[in-house]
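Chemist: Handing you this structure, nothing more for now.
Bear in mind these aren't lab numbers, they're just calculated from the coordinates by the rules spelled out. In this text, all values refer to a predicted model and were calculated from it rather than measured experimentally. Glycine also receives a Cβ, built like all others from the backbone with ideal geometry; neighbour counts cover every protein chain displayed.
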Amino acid sequence: MFTEKQPGAKRVALVGCSALKSKKPAPAKDFYISPLFRAAYQYAEKTCDVVVIVSAFYGAVAPK
């Protein structure tokens, strides 16, 4: 299931969206407001090179 780590390869995190959403338009990282999403996103930012949010409605979206 896992491949060998390649030198120079970026670490990518996929963070799932949440049902709790902001009532106002916002960048994806601020639009989802559940505590679990916030915790997962913060962890991904600290440990990975790239973070992508996976939305059930929009698909893969950039955080900003």
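Chemist: Quick check on the chain: of the DSSP beta bridges with both residues there, what percent are antiparallel, nearest 5%?
Modeler: 45 percent
Chemist: Can you give the net charge of the other residues whose Cβ lies under 13 Å from the Cβ of residue 13, counting K and R as +1 and D and E as -1?
Modeler: +2
Chemist: Specify the longest stretch of the chain that does not include any exposed loop site, a site being one of the chymotrypsin sites (Phe, Trp or Tyr not before Pro) with a non-H, G, I, E, B DSSP assignment and at most 11 other Cβ atoms within 10 Å.
Modeler: Within the chain, the longest run free of exposed chymotrypsin sites (Phe, Trp or Tyr not before Pro) spans 3-56.
Chemist: With just the Cα atoms of the chain, tell me how far they stretch along each of the three principal axes, in Å, largest first.
Modeler: 42, 22, 21
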